[in-house]
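Just so it is clear, none of the values below were taken in a lab; they were calculated from the coordinates. Because the structure is predicted, anything quoted here is derived from the model rather than measured. Here the Cβ is made from the backbone with ideal geometry for all residues, glycine too, and neighbour counts use every protein chain on show.
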Amino acid sequence: MHAMTEQFMHNAFAGESMAHMRYMVYAEAAEKEGFKNVARLFRAVAFAEEIHATGHMRRAPNKLGAVAAEAPFGVGKTADNLANAVAGETYEIEEMYPVFMETAKFQGEKLALTSFDWAYKAEVVHQKMYIEAKGLVDKGKDWRDAKVHICSTCGWTVEGDAPDVCPVCGAKKAGFRQF
């Protein structure tokens, strides 16, 4: 794998790993504030981020090395945590993944391109869900009591019932995890 794409794989792994843990901590905070559905949303998206991190790691060259990523640190009130989540997802959608995908495409790195593309498509859904949840929490309301399904192959996220086939990676309905 070309050095630049490989570095982007490491960066994506680090960022997604930290998002996973950050969202798990945010879920606990939301639960304590009485926002059980926001907590469930954070846990669902944390699972998707874990899938993205795992995918990036598995598709990168098998070498030992260090990774680093700058990411928000700390936990606040649920409204603040949701704002932080929206900002993180927006960064991934508008800056990080577009650059990573173009580089992988330019360098002919198909596995990396697939990994980045799958994560990007899920992040678009996460951003919308977080924006909606933030608007509700700002009004003192919880996010709705709806099922969230995560594709265990690519991390694509859907509210409501899981589709028969994942529109991103083609995984079967049985491969979705419900939250």
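Miscellaneous remarks
- 16 Å reach of a label modelled at Arg58, 7 Å along Cα-to-Cβ, counting backbone N of segment 17-44: 17
- Net charge dipole size for segment 3-143 [Lys, Arg +1 and Asp, Glu -1 on Cβ; Debye, nearest 20]: 360
- Principal-axis tilt of helix 97-106 within the chain, Cα atoms, nearest 10 degrees: 20
- Qualifying aspartates and glutamates (Cα of each under 20 Å from Cα of Lys147; at least 8 residues distant if same chain): Glu28, Glu31, Glu49, Glu50, Glu123, Glu132, Glu159, Asp161, Asp164
- The alpha-carbon atoms of segment 77-179 define a convex hull whose volume equals 89 cubic angstrom per residue.
- Overall dimensions of segment 132-179 by Cα: Rg and Dmax, Å: 13.0, 38
- Along its principal axes, the chain has C-alpha extents of 49, 38, 26 angstrom, given from the largest down.
- Counting other Cβ atoms within 10 Å as a rough exposure proxy, the listed residues Ile51, Ile150, Ile93 run Ile93, Ile51, Ile150 from fewest neighbours to most.
- Taking other Cβ atoms within 10 Å as a rough exposure proxy, Met9, Met18 sort from fewest to most as Met18, Met9.
- Taking each DSSP H run with n ≥ 4 as -39500 (n - 2.57) and averaging over every residue of the chain yields -21000 deg cm²/dmol at 222 nm.
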